[in-house]
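Input: a single structure, listed below in structure tokens.
The values are calculated or read from the model by the stated rules, or taken from the named source; none is laboratory data. Just so it is clear, the structure is predicted and the values come from calculations on it, not from any experiment. Note that each Cβ is placed from the backbone with ideal geometry, even for glycine, and that neighbours are counted across all protein chains shown.
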Amino acid sequence: MRCSDFTRAQTLLETSRAIFHTAHALSGEAFALNYLGLVAERLGQREQAITHLEASVACARAAGDDWGVARGLSNLGFLFHLAGDAPRAQTLLDESLAIRRRLNDHLGVAKTLINSGSVLNQLRQYARARAAHREALEIFQTAGNRLGQAICLNNLGFTASCQENYAEAQSFYAHALDVYRELGDRWGIATALDNLGATCTELGDYVTARACYIEALTLAREIHATRRLVEAVAGLGRLAACQGNLTRAVEWLTCALHHPALDAEARASVTRFLAELETQMPRAEFDAAVARGKMLDAEGAFIGLGY
């Protein structure tokens with residue numbers, strides 16, 4: 001999975017899960033189901049991901065495996081965050097965090113704090129979100145966990161961006177990108193590039209923004225990271241609008257909006273931006289662009305729109 005070969009990982013995990021199930025090894029099955037859920041999410045299969053993670057938690061509870069319960073709850077909470085259900089997400093994450101603190105599972109605490117910070121951003125509780133990401137970062141730094149550090153840096157950048165501190169966000173994202181490149185984590189690279197593209201757009205550096213989005217989109221296509229790909233499409237749409245190409249912007253944004261992998265927070269943002277564009281364009285031109293956007297496939301839009 002860390003190599004971003006998600007389809008291969010899915011096949012291996014399905015085999016592993018079947019073996020554990022046959023052997024009535026509930027903790028092992030919970031472990032396989034947990035990662036099947038994570039892989040499904042990376043592939044844009046969110047409903048399947050939730051099903052796998054709910055089954056993982058159930059197996060872990062039946063086995064009396066508190067570590068497995070906490071792991072599954074943390075990841076399930078993050079998926080409900082992506083689906084826009086912040087209250088349910090926070091309930092699951094609070095339970096996960098309590099278990100992991102009781103077990104003195106420091107890295108587990110950091111992983112759950114990452115997810116809690118994302119939910120707190122969604123709830124606009126930015127000071128608490130920053131504190132969660134800072135605590136997680138300190139744990140990962142103490143452990144020498146470079147991947148965890150990169151994730152925290154990226155998330156601190158997102159919190160700064162939410163508060164319109166774009167220069168600070170840019171610094172965090174650039175640092176995260178350097179670490180992801182050092183590790184060869186292609187999912188992480190695409191994530192940081194997408195976020196850096198959004199920040200550069202806000203700062204008016206459209207050349208750098210375009211380069212970031214195109215690299216993120218290309219990489220996401222290579223590793224079949226559907227959510228990352230769709231978010232890059234949306235980012236390019238926003239960039240096109242800032243550069244005055246409203247027709248292309250509507251096409252890209254509509255393409256992203258009608259893809260099921262787009263998370264709830266991004267979907268709300270795209271919807272608002274399209275509503276703004278609707279007021280700036282002739283009705284016939286806007287409707288035609290929306291129609292073309294609905295016909296686009298996110299995988300093929302990269303070529304279809306001239307990028």
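Select the helices (runs of 4 or more DSSP H) contained entirely in segment 144-254, then report the ones holding at least 2 residues which are assigned by TED's automatic domain parsing to the domain that holds L107 and of a type in the set (D, E). Steps first, answer last, please.
Values: elements: 146-162, 166-183, 186-202, 206-223, 226-242.
Filter on segment 144-254 gives 166-183.
Go through (1) at pLDDT 90 or above; (2) buried (at least 19 other Cβ atoms within 10 Å of the Cβ) for D66 and report which single condition fails.
Single failed check for D66: (2).
Does segment 1-33 hold any residues that are touching a His at 6+ places or on another chain (Cβ under 8 Å) and modelled with pLDDT under 90, and which are they? Break it down stepwise before answering.
Going residue by residue through segment 1-33, those that are touching a His at 6+ places or on another chain (Cβ under 8 Å) are 6-7, 29, 33.
Residues satisfying the conditions are F6, T7.
Does A83 satisfy the criteria of being small (G, A, S), surrounded by fewer than 19 Cβ atoms within 10 Å (Cβ to Cβ) and either touching a residue at least 12 places away in the same chain (Cβ under 8 Å) or under 18 Å from S56 (Cβ atoms) (or both)? Spell out the reasoning first.
Numbers: small (G, A, S): yes; surrounded by fewer than 19 Cβ atoms within 10 Å (Cβ to Cβ): yes; either touching a residue at least 12 places away in the same chain (Cβ under 8 Å) or under 18 Å from S56 (Cβ atoms) (or both): yes.
Criteria met by A83.
Going through S16, S74 one at a time, which residue ends up being within 25 Å of F140 (Cα to Cα) and among the polar types (S, T, N, Q)?
Working: S16 fails: within 25 Å of F140 (Cα to Cα).
One residue alone meets the criteria, S74.
Those residues that are out of contact with any Phe, Trp or Tyr (no Cβ under 8 Å at 6 or more places or on another chain) and closer than 14 Å to D105 by Cα, I need them from segment 61-70; list them, please.
The initial filter retains those residues of segment 61-70 that are out of contact with any Phe, Trp or Tyr (no Cβ under 8 Å at 6 or more places or on another chain), namely 61-67, 69-70.
Within segment 61-70, D65, D66, W67, V69, A70 meet the criteria.
Run F158 past the list (1) surrounded by 16 or more Cβ atoms within 10 Å (Cβ to Cβ); (2) under 29 Å from D205 (Cα atoms); (3) in contact with an Asp or Glu (Cβ under 9 Å, 6 or more places away or on another chain) and report the number of the one that doesn't hold.
Of (1) surrounded by 16 or more Cβ atoms within 10 Å (Cβ to Cβ); (2) under 29 Å from D205 (Cα atoms); (3) in contact with an Asp or Glu (Cβ under 9 Å, 6 or more places away or on another chain), only one is false for F158: (3).
Those residues that are outside any helix (DSSP H, G or I) and either touching a Lys or Arg at 6+ places or on another chain (Cβ under 8 Å) or more than 26 Å from R61 (Cα to Cα) (or both), I need them from segment 105-136; list them, please.
The first filter runs over segment 105-136 and keeps only residues outside any helix (DSSP H, G or I), leaving 105, 123-125.
Answer for segment 105-136, where residues must be outside any helix (DSSP H, G or I) and either touching a Lys or Arg at 6+ places or on another chain (Cβ under 8 Å) or more than 26 Å from R61 (Cα to Cα) (or both): L123, R124, Q125.
I'd like to know if segment 90-104 contains one or more residues that are surrounded by fewer than 24 Cβ atoms within 10 Å (Cβ to Cβ) and not in a helix (DSSP H, G or I).
yes
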